[in-house]
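Report on the following structure.
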């Protein structure tokens, strides 16, 4: 959503604050717009999601490395990018 659309919805919400039915319709329209925006731009959070997945994998590897025998002997070197 761009700034113009957000401003439009905010103004509608303030203008319809006294009229419950119109206010409810404005909120519904805003929710529909937000839902369509979120489904359009799936790649918007892709970088953050990838970073979180890498952090989780690294944390899991560190956890496994703390306990002897939890990981295959060559797996730690492969995960770190070291090839034999």
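The values are calculated or read from the model by the stated rules, or taken from the named source; none is laboratory data. None of these values were measured; they are calculated from a predicted model. When we count neighbours, we look across all protein chains shown, and the Cβ atoms used for this are built from the backbone with ideal geometry, even at glycine.
Residue 10 falls short on exactly one of the conditions (1) touching a helix residue (DSSP H, G or I) at 6+ places or on another chain (Cβ under 8 Å); (2) modelled with pLDDT of 85 or more, and that condition is (1).
Search the stretch 52-84 for residues being at pLDDT 85 or above and loosely packed, with under 11 Cβ neighbours inside 10 Å, and hand back the single one that is farthest from the chain's Cα centre (by Cα). This residue is 62. Across the stretch 13-28, what is the total count of residues that are loosely packed, with under 13 Cβ neighbours inside 10 Å and either in a helix (DSSP H, G or I) or in contact with a helix residue (DSSP H, G or I) (Cβ under 8 Å, 6 or more places away or on another chain) (or both)? Here the count works out to 7.
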